[in-house]
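Colleague: Quick one: the structure is below, and I'll ask about it shortly.
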């Protein structure tokens, strides 16, 4: 399907998870070059092409070189997910592995073939990249906006799809309101999502972004810079506890950005608590994996 082809909206089976979308094929289907066009098999690298609308746009060359070296030594362990596209196959998930396999000069790669439609293709691509934290904040926001604009997804439905809170999705979408140059800095990794969120409320985000980079400011320092750049209303001094609360709120936002969940910090002079709110078992599982250091 080309980019110009109109896409039909339909209700999407959200919240299924990546393994559910892909199917449990690895336990059942052996590698077979002559297998039919479905399931798990080996395909020539040259018969596979990337999807033109895949959410990930930036591929770190050093990381690709490292992965290519690992593939040269051990082979490609994790299959690439593709869908039939005429006489060729189009990547649904695993473009980074496909690029590294080319660098490693592999002739064939293991693939999972699935007859996904355009909505499922985008859903799987987003899920895989988010679960591996491969998308930068702008790429993730762009992907969410496409799912909303083209396929009618709501923010709440998107949150269920990627196991993140609705507020996390909403905060990401707000990043798209930033000037293009600031969005480019975020996409390139020069500014974090936390920096970008702070700059959204600034009257001149581009100028402040330059100052953040020049001074190497942290997210909390950026938030203070944005507050100081705003004209004061009334002129009354902020109470001391307000500054403390602002720091706590900044920490809550930073942790929330990292996890995609609502975070609440209750701070006292003798310690405190950090509470993570989840709305599904999938979100709880994600928290456990993050805390234990297991791969998602």
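Read-outs: derived from the displayed coordinates by stated rules, not from any lab. As the structure is a prediction and not an experimental result, all values here were calculated from the model. All Cβ positions, glycine included, derive from the backbone under ideal geometry; neighbour counts span all protein chains shown.
Colleague: From 76, 40, 67, grab the single residue that is touching a residue at least 60 places away in the same chain (Cβ under 8 Å) and either within 24 Å of the chain's Cα centre (by Cα) or not in a helix (DSSP H, G or I) (or both).
Modeller: The match here is 40.
Colleague: Which pairs do you get when a residue that is crowded, with 19+ Cβ neighbours inside 10 Å, found in region 189-207, comes within reach of a residue that is assigned to a loop (DSSP other than H, G, I, E, B), reach meaning Cβ atoms under 7 angstrom, with the pair 6+ apart or on two chains?
Modeller: Qualifying pairs under 7 Å: 196/178; 199/178; 205/178; 205/179.
Colleague: Then there's this: Please report, ordered by residue number, the helices (runs of 4 or more DSSP H) entirely within region 166-230 with at least 1 residues that are over 14 Å from residue 253 (Cβ atoms).
Modeller: Details: elements: 166-174, 180-187, 193-200, 205-215, 219-229.
Helices (runs of 4 or more DSSP H) meeting the threshold: 166-174, 180-187, 205-215, 219-229.
Colleague: Look through region 166-182, keep the residues that are farther than 24 Å from residue 156 by Cα and in contact with a helix residue (DSSP H, G or I) (Cβ under 8 Å, 6 or more places away or on another chain), and return whichever of them is surrounded by the fewest Cβ atoms within 10 Å (Cβ to Cβ).
Modeller: It comes out as 181.
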